Amino acid sequence: MGGTLLLVILVWLGGDAIVTGQGRTPWLGLAALLFVVPLVTAFSVRPAVFANDDRLRVRNPFRVIVLPWATVVSLRSRYTNEVVDSAGTKYQLYAVPVSLRARNRAQRRQALADARPSARADSSGRTSLESRPERAAADRTMQELRELCEARAKAPGSQGEPSARWSWEVMGPSIAGAVLLVILLVTG
């Protein structure tokens, strides 16, 4: 949400500089937009984690990593969420941010739930549903990914080699905008 709002403000201000600017201002506005918009998009809108029966695809700001489930050794969640492949290479999951505040809140709620007397059987003999352990959203996501990895690691479609590629569709425009901006500022 914040990244989208920032993109709207950038396009509004940059568009105004391009349309109503005089002299070199439109070119500076265009170069600045070309430099900044891909970076804001890369760090706010672009990150994602896709999991299916065969593989885990991680779209980070500047790289796309594809890991078949058979190559995933562990999915760790400490101060950052990361996946480790069979070669020992670690990849961060930018799309699943760790919130220590949410983790502490979930632990407090779980401690309160554990401290309450059990409501499993009331006076009429009926039982209520058992409550699931309270967890932060990122920890629940990582647990789901771990379960999927364990279930699908031996499947024939989950075999293969991990691959990682640079996201030139993000870096190219940003590099071009930076070069154009430097040239315009130096020749100023």
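The values are calculated or read from the model by the stated rules, or taken from the named source; none is laboratory data. Just so we're clear, the structure is a prediction, and the values are computed from it rather than from any experiment. Note that we place each Cβ from the backbone using ideal geometry, even for glycine, and neighbour counts take in every protein chain shown. The protein model used for the area step is the full one, side chains on, heavy atoms only, and it has no ligands, DNA or RNA in it. Shrake-Rupley method; radii C 1.70, N 1.55, O 1.52, S 1.80 Å.
Looking only at residues that are modelled with pLDDT under 75 and polar (S, T, N, Q) in segment 123-154, which one is most open to solvent (accessible area, probe 1.4 Å)? Spell out the reasoning first.
If we filter segment 123-154 for residues that are modelled with pLDDT under 75, which is where we start, we get 123-136.
Right, trim to polar (S, T, N, Q) and you get 123-124, 127-128, 131.
Working: Ser123: 131, Ser124: 75, Thr127: 109, Ser128: 60, Ser131: 97 Å².
Here the answer is Ser123.
Can you give me the number of residues within segment 88-104 that are part of a loop (DSSP other than H, G, I, E, B), hydroxyl-bearing (Ser, Thr, Tyr) and modelled with pLDDT of 85 or more? Step through it out loud before you land on a result.
If we filter segment 88-104 for residues that are part of a loop (DSSP other than H, G, I, E, B), which is where we start, we get 88-89, 93-99.
Imposing the further condition that a residue be hydroxyl-bearing (Ser, Thr, Tyr) reduces the set to 89, 94, 99.
Okay, now just the ones that are also modelled with pLDDT of 85 or more, so 89, 94.
Adding up the residues that qualify gives 2.
Exactly one of these conditions fails for Pro61: (1) open to solvent by less than 70 Å² (accessible area, probe 1.4 Å); (2) part of a helix (DSSP H, G or I); (3) of a type outside the set (Val, Ile, Thr). Give me its number.
(2) is the only condition that Pro61 fails.
When you look at Thr41, is it more than 25 Å from the chain's Cα centre (by Cα) and either without any contact (Cβ under 8 Å) to a residue 12 or more places away in the chain or open to solvent by 40 Å² or more (accessible area, probe 1.4 Å) (or both), yes or no?
Details: more than 25 Å from the chain's Cα centre (by Cα): no; either without any contact (Cβ under 8 Å) to a residue 12 or more places away in the chain or open to solvent by 40 Å² or more (accessible area, probe 1.4 Å) (or both): yes.
For Thr41, the condition - more than 25 Å from the chain's Cα centre (by Cα) and either without any contact (Cβ under 8 Å) to a residue 12 or more places away in the chain or open to solvent by 40 Å² or more (accessible area, probe 1.4 Å) (or both) - is not met.
Could you grab me the full set of residues in segment 155-171 that are open to solvent by less than 40 Å² (accessible area, probe 1.4 Å), closer than 14 Å to Pro61 by Cβ and in a helix (DSSP H, G or I)?
Once the filter is applied, which keeps residues that are open to solvent by less than 40 Å² (accessible area, probe 1.4 Å), closer than 14 Å to Pro61 by Cβ and in a helix (DSSP H, G or I), segment 155-171 yields Val170, Met171.
For Arg120, only one of the following conditions fails: (1) touching a Ser or Thr at 6+ places or on another chain (Cβ under 7 Å); (2) at pLDDT 70 or above. What is its number?
Here Arg120 clears every test but (2).
Tell me, please, whether a residue that is open to solvent by 40 Å² or more (accessible area, probe 1.4 Å), among the polar types (S, T, N, Q) and in contact (Cβ under 8 Å) with a residue 12 or more places away in the chain can be found in segment 12-21.
Taking segment 12-21 as the starting set, the residues that turn out to be open to solvent by 40 Å² or more (accessible area, probe 1.4 Å) are 12-13, 16, 18-20.
Pick out the ones that are also among the polar types (S, T, N, Q) and you get 20.
Checking the rest, the ones that are also in contact (Cβ under 8 Å) with a residue 12 or more places away in the chain come to none.
No, segment 12-21 contains no residue that is open to solvent by 40 Å² or more (accessible area, probe 1.4 Å), among the polar types (S, T, N, Q) and in contact (Cβ under 8 Å) with a residue 12 or more places away in the chain.
Please verify whether segment 66-85 includes one or more residues that are part of a helix (DSSP H, G or I), in contact (Cβ under 8 Å) with a residue 12 or more places away in the chain, touching a helix residue (DSSP H, G or I) at 6+ places or on another chain (Cβ under 8 Å) and under 20 Å from Gln143 (Cα atoms).
Looking for residues that are part of a helix (DSSP H, G or I), in contact (Cβ under 8 Å) with a residue 12 or more places away in the chain, touching a helix residue (DSSP H, G or I) at 6+ places or on another chain (Cβ under 8 Å) and under 20 Å from Gln143 (Cα atoms), one finds at least one in segment 66-85, hence yes.
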